[in-house]
Amino acid sequence: MEASIDKYFWLIFPVFWICFCYLIALVSGWKRLADNYATKYKPPGIVWRFESAQLRFAASYSGCLNFSTTKQGLYVSILFLFRPGHESLYIPWSDVQVYTEKKWFRRVVRIQVGSVPILIKEKLAYELRGVAGDGWPKHT
């Protein structure tokens with residue numbers, strides 16, 4: 001009996017995991033961003049790995065995101081295990097508004113892309129801005 005439960009677990013769990021990842025992408029707004037900004041392009045240069053962000057409806061991506069930037073835009077990708085439903089994104093700075101706000105006793109930077117917010121740590125935003133240079137949108 002136990003052997004059959006194990007067999008079914010290994011058949012069902014991957015399907016469950018893929019569906020769960022797609023659901024998170026849909027709820028968080030990642031799918032909406034991917035509809036306009038999905039890319040296979042990976043910019044050269046510095047990559048900030050294992051970073052965190054919060055998107056729509058408090059969907060938290062803790063330690064599973066990679067960020068990179070150029071003077072033209074922001075690149076965001078997710079670790080392989082969470083990739084179903086989460087295509088890599090390259091968002092032009094012209095489509096972004098940047099705000100600093102206080103959230104739970106700390107300052108965060110909101111990168112607003114249409115109706116989808118991407119909240120990141122102020123330190124990460126500072127480092128991304130250093131690489132993006134003049135391309136970084138006006139900070140309010």
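The values are calculated or read from the model by the stated rules, or taken from the named source; none is laboratory data. Just so you know, these numbers come straight off a predicted model, no measurement behind them. With ideal geometry, Cβ positions are generated from the backbone for all residues, glycine too; neighbour counts draw on all protein chains shown. Keep in mind that these areas ignore ligands, DNA and RNA; they rest on the heavy atoms of the full protein, side chains included. Shrake-Rupley method; radii C 1.70, N 1.55, O 1.52, S 1.80 Å.
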Would segment 60-68 turn up any residue that is touching a residue at least 24 places away in the same chain (Cβ under 8 Å), open to solvent by less than 20 Å² (accessible area, probe 1.4 Å) and of a type in the set (A, V, I, L, M, F, W, C)? yes
Where residues in segment 48-59 are in a helix (DSSP H, G or I) and within 13 Å of the chain's Cα centre (by Cα), which of them is surrounded by the fewest Cβ atoms within 10 Å (Cβ to Cβ)? Ala58
Here are the criteria: (1) surrounded by fewer than 18 Cβ atoms within 10 Å (Cβ to Cβ); (2) over 30 Å from Phe13 (Cα atoms). Tell me which single one Arg83 does not satisfy. (2)
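Could you list, in sequence order, all residues of segment 112-134 that are open to solvent by less than 20 Å² (accessible area, probe 1.4 Å) and more than 15 Å from the chain's Cα centre (by Cα)?
Ala132 - this is the single residue of segment 112-134 that is open to solvent by less than 20 Å² (accessible area, probe 1.4 Å) and more than 15 Å from the chain's Cα centre (by Cα).
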Within segment 3-47, track down each residue that is open to solvent by less than 90 Å² (accessible area, probe 1.4 Å), within 18 Å of Val96 (Cβ to Cβ) and either in a helix (DSSP H, G or I) or in contact with a helix residue (DSSP H, G or I) (Cβ under 9 Å, 6 or more places away or on another chain) (or both). Ser28, Gly29, Trp30, Leu33, Ala34, Tyr37
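Checking the structure you have, find out if any residue of segment 92-103 is under 13 Å from the mean Cα position of the chain (by Cα) and charged (D, E, K, R). Talk me through it step by step, then tell me what you get.
Taking segment 92-103 first, the residues under 13 Å from the mean Cα position of the chain (by Cα) are none.
Checked against the condition, which is being under 13 Å from the mean Cα position of the chain (by Cα) and charged (D, E, K, R), segment 92-103 yields no hits at all.
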